[in-house]
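Colleague: To start, I am sharing the structure in question, which I have written as structure tokens.
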Amino acid sequence: MSADERLGPQRADAPRPVPRCSLLDPQRGKSSHDQIAATLGTELLQGRYPPGSTMPAEAELGERFQVSRTVLREVMKTLAAKGFVVPKTRVGTRVRDAVFWNYFDADVLAWRLRLGLDDEFLQTLTEVRRSLEPTAAALAARRRRPQDVARLRECVRQIGRTDHSRQSFAAADLDFHLAVGSASGNPLVRSIASVIETALVASFTYSSPVDDPADHAASVSGHSAVVDAIEAGDEARAAQRILAVIDTGVRRIGRRKQLGPPP
């Protein structure tokens, strides 16, 4: 039974909850399949297995991870689905060029995040967000419905809570940005959800508005301004306001990095 079925019927105009994505749920279980895929995926991202090379044989991987061939074959299927490898008859599993890797995949972004918050990675996340989120906000202003605005207002209320940890604030912030994507009425916009989530996880790992009450209040005000513009149907202002929210977060991380690693 799905979560929606357990909740029972809902009014068509009721604000719908935004699903929580995996990176913000540290309690999620990790199967041996998930752990091995994450380990090998991270090693691929590090360049341990260069494009064109062959992945270690099943016997070698089985010895390393102490799992069955069945588990390893499922792991390779997972890596293949994400564009990392391709099976070759009588050759083995060949590593593909990075151009084929699916960086929009939530797992791939999570593995990349494990390698650290270097400037290049953060810049890449920011460039994608600055390219796509203003469009989402503008479309939300064009197509807004009362239930969309109600959901966004509730998200701002949750962001404004004073009892947040870094993680709970990032979860509330993620809900807001996903709600903007939903309000856009464009299902493809939701494909950037994993990018947004990864950026927010990186943000709360390094710095967060909850570290400073004034910064928190400014963040609430910035998010509220996005909703005001969407509710007013002002596409240009909605795009500008969400850009301001993104850029404020980037500057916050920059300031924190200048001071050194967080405590």
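All of the numbers you see were taken from the coordinates with simple rules; none came from a lab. These numbers come from a predicted model, not from an experiment. Neighbour counts run over all protein chains shown; Cβ positions are idealised from the backbone, glycine included.
Colleague: Using the per-residue mean of other Cβ atoms lying within 10 Å as a proxy for protection, in what order, highest first, do the peptides 77-89, 191-203 fall?
Modeller: Ranking the peptides 77-89, 191-203 by packing returns 191-203, 77-89.
Colleague: Shifting gears a bit: Let me have the 222 nm mean residue ellipticity of the chain computed from DSSP H runs of 4+ only, each contributing -39500 (n - 2.57), with the sum over all residues rounded to the nearest 500.
Modeller: -20500 deg cm²/dmol
Colleague: Which of these, P50, P134, P187, has the largest mean-square fluctuation under a Gaussian network model of the chain (Cα springs below 10 Å)?
Modeller: So, out of P50, P134, P187, the one fluctuating most is P187.
Colleague: Treating cross-link reach as a plain straight distance, find the aspartates and glutamates whose alpha-carbon is under 17 Å from the alpha-carbon of K257, omitting any fewer than eight places away in the same chain.
Modeller: Answer for K257, where 17 Å is the Cα cut-off: D118, D119, E120, D211, D212, D215, D247, listed by chain and number.
Colleague: May I ask you to order 168-179, 139-150 by the average number of other C-beta atoms within 10 Å around their residues, highest value first?
Modeller: Answer by packing, highest mean first, reads 168-179, 139-150.
Colleague: Now a separate question. Quick check: pseudo-label points 7 Å beyond the Cα along Cα→Cβ at D211 and R145, how many nm apart are they?
Modeller: 4.0
Colleague: Over the Cα atoms of region 116-259, what Rg and Dmax result, in angstrom?
Modeller: Taking only Cα atoms of region 116-259, I get Rg and Dmax of 14.1, 43 Å.
Colleague: Hey, another quick one. Suppose every K and R has +1 on its Cβ and every D and E has -1 on its Cβ; what is the size of the dipole of the chain about the Cα centre, in Debye to the nearest 20?
Modeller: Value, rounded to 20: 420 debye.
Colleague: If we count other beta carbons within 10 Å of each Cβ, what is the order of R161, R151, fewest first?
Modeller: Fewest-to-most ranking of R161, R151: R161, R151.
Colleague: Work out Dmax and Rg for the chain from the C-alpha atoms and quote the Rg first, both in angstrom.
Modeller: In Å, with Rg to one decimal and Dmax whole: 20.6, 62.
Colleague: When the Cα centres of region 48-83 and region 84-98 are compared, how far apart do they sit, in Å?
Modeller: 10
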